[in-house]
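So the structure is just underneath, and the comments pick up after that.
The values are calculated or read from the model by the stated rules, or taken from the named source; none is laboratory data. Since the model is a prediction, treat every value here as computed from it, not as a measurement. Quick reminder, even Gly has a Cβ in these numbers, built from the backbone with ideal geometry, and neighbours come from all protein chains shown. When the accessible area is computed, the model is the full protein with side chains, heavy atoms only, and any ligands, DNA or RNA have been set aside. Shrake-Rupley method; radii C 1.70, N 1.55, O 1.52, S 1.80 Å.
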Amino acid sequence: MLSDAQPRSDVLDRRFVVKTPEEAIAYSLDLVEQHFHEENPSQIDACMRLYTDDAIWDAPARGVSYKGKELIRKNYLGVFEAAEGIQFFPLERFATADRVVDDMWVTFRVCGPGFENCPYPVGTFVKMRLVHVFHIDDGLISREIGYECWAIDPRPGVSPLDY
């Protein structure tokens, strides 16, 4: 992941460039990388540019689905307020031209009600296996599905990769 100090190009600058199949896959991977880079409270509006206007964001384990950029943005802001000390531990990412699959561990402490249908109470340390499937249409994210496997973190502060 790039730091804020590193110069970066905007993946959307390449959105309408004719691409070989390999370049289309690279574009999709770069789009998702930029999404994760901008998925934070201070850059949420930049992140929303990467979605289609009618995008759908689903978390089936919690039974939630949001349609449209504004509801997706509102969901993210709620999650940011509800997750304290969030850390990501990437495992793998692969793609086709119109799908990206990202597998990671996420750890945090639930500190508020922003996770709709959260399976644990405020104060719980969580270790979550999170697999995203991104659908890419016309160079933008049209659907994001987050398959969440929630568990109580038995060792808060220790990387899930270390146990």
- [ ] Kindly indicate the residue of region 91-118 that is among the small types (Gly, Ala, Ser) and more than 26 Å from Asp138 (Cα to Cα) and also modelled with the highest pLDDT among those meeting that condition.
- [x] Gly112
Task: Which listed residue, of Ala59, Ala82, Ala151, Ala55, is more than 30 Å from Phe16 (Cβ to Cβ) and within 15 Å of the chain's Cα centre (by Cα) - done: Ala59
- [ ] Considering only region 91-114, state which residues are open to solvent by less than 20 Å² (accessible area, probe 1.4 Å), under 21 Å from Met48 (Cβ atoms) and not aliphatic (A, V, I, L, M).
- [x] Asp102
Task: Meets criteria (crowded, with 18+ Cβ neighbours inside 10 Å, over 14 Å from the mean Cα position of the chain (by Cα) and under 20 Å from Gly139 (Cα atoms)) for Val11 - done: yes
Task: Residues (within 20 Å of Gly78 (Cβ to Cβ), part of a helix (DSSP H, G or I) and acidic (Asp, Glu)) located in region 19-48 - done: Glu38, Asp45
- [ ] Please determine, by comparing only the residues of region 20-49 that are in contact (Cβ under 8 Å) with a residue 60 or more places away in the chain and farther than 16 Å from Asp102 by Cα, which one is least open to solvent (accessible area, probe 1.4 Å).
- [x] Ala24
- [ ] Just give me the residues in region 122-133 being part of a strand (DSSP E or B) and either without any contact (Cβ under 8 Å) to a residue 24 or more places away in the chain or of a type outside the set (Lys, Arg) (or both), in sequence order.
- [x] Phe125, Val126, Met128, Leu130, Val131, His132, Val133
TODO: Any chance you could count how many residues in region 134-156 are open to solvent by 30 Å² or more (accessible area, probe 1.4 Å) and either assigned to a strand (DSSP E or B) or in contact (Cβ under 8 Å) with a residue 40 or more places away in the chain (or both)?
DONE: 10
- [ ] Can you give me the number of residues within region 118-132 that are farther than 13 Å from Ala59 by Cα, hydrophobic (A, V, I, L, M, F, W, C) and surrounded by fewer than 16 Cβ atoms within 10 Å (Cβ to Cβ)?
- [x] 1
Open item on the list: Quick check on my filter: what residues within region 61-90 are more than 21 Å from Asp137 (Cα to Cα) and open to solvent by 70 Å² or more (accessible area, probe 1.4 Å)?
Closed with: Ala61, Lys74, Glu81, Glu84, Ile86, Gln87, Phe88, Pro90
Task: Counted residues, region 79-121 - those being free of Cβ contacts under 8 Å to residues at least 40 places away in the same chain and part of a loop (DSSP other than H, G, I, E, B) - done: 6
